[in-house]
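Taking it in order: structure first as structure tokens, then the write-up.
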Amino acid sequence: LCALRAGGTRVTIDAMSEGTADQLYLALRLAALDVRRSAHPQMPLVLDDVLITSDDRRAAHILRALARFAEGGQVMVFTHHRHLLELARKTIGEQSFVSHAL
């Protein structure tokens, strides 16, 4: 498994940063779950600190992808990073998520 950079260079997982590899694995999990959706009952997707290795730009992209994924089922993201709440508000809008503080 490898990724292609914008210039066409191949990058193997062991050459990726931790954040990039985490994002690749999340994308693969979402794709596998999306394939499973058509044949199985809906189950919530529960993610714990899935954005911890992402900068705000990449976290915003992931939040958009999770919001699209949530159109077909419930997605719960646990985090202790409060700044991600404001990023989510800016990125996907107040109507697209519910926040609960524990």
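The values are calculated or read from the model by the stated rules, or taken from the named source; none is laboratory data. The structure presented is a predicted model; accordingly, all values stated were derived computationally and were not measured. Heads up, the Cβs are rebuilt from the backbone with ideal geometry, glycines too, and the neighbour counts pull from every protein chain shown. The protein model used for the area step is the full one, side chains on, heavy atoms only, and it has no ligands, DNA or RNA in it. Shrake-Rupley method; radii C 1.70, N 1.55, O 1.52, S 1.80 Å.
Leaving ligands and nucleic acids out of the surface, order D56, D48 by accessible area at 1.4 Å, largest first.
Ranked from most to least accessible, the order is D48, D56.
Kindly list the residues of the stretch 44-81 that lie in the label zone of L102, defined by a backbone N under 16 Å from the point 7 Å along the Cα-to-C-beta vector.
Residues 45-51, 75-81 fall inside that zone.
Sorting H80, H100 by accessible area (1.4 Å probe), largest first, what list results?
Final ranking, largest accessible area leading: H100, H80.
Per DSSP helix of 4 or more residues, -39500 (n - 2.57); summed, then divided by the residues of the chain. What does that give at 222 nm, rounded to the nearest 500?
Taken over the chain, the calculation gives -14000 deg cm²/dmol.
Find out how many positive minus negative residues lie around G72, taking Lys and Arg as positive, Asp and Glu as negative, among other residues whose Cβ is under 12 Å from that of G72.
+1
Given charges of +1 on the Cβ of Lys and Arg and -1 on the Cβ of Asp and Glu, with all other atoms neutral, how large is the dipole of the chain about its Cα centre, in debye to the nearest 20?
About 320 debye.
What number comes out for accessible area per residue over the chain if the probe is 1.4 Å? Units Å², please.
Per-residue value: 72 Å².
For the modelled label position 7 Å from the Cα of M76 along Cα-to-Cβ, which residues of the stretch 23-60 have backbone nitrogen atoms closer than 16 Å?
Residues 42-50 fall inside that zone.
Note down the accessible area of E86, probe 1.4 Å, to the nearest 10 Å².
Answer for E86: close to 90 Å² accessible.
Put +1 on the Cβ of each Lys and Arg and -1 on the Cβ of each Asp and Glu in the chain; which of F78, G8, L63 then has its Cα farthest toward the positive end of the dipole?
Toward the positive end, the furthest listed residue is G8.
Taking the Cα centre of the stretch 31-83 as origin, work out the dipole magnitude from +1 charges on Lys and Arg Cβ and -1 charges on Asp and Glu Cβ, in debye rounded to 20.
It comes to approximately 140 debye.
Looking at [x] 7.6; [y] 6.1; [z] 11.3, which value of mean projected area of the Cα convex hull in nm² comes from a calculation on the structure shown?
[x]
Would you mind checking which residues have amide H under 5 Å from L47's amide H? H placed 1.01 Å from N; only 5 or more apart, or other chain.
The answer is M76, V77, F78.
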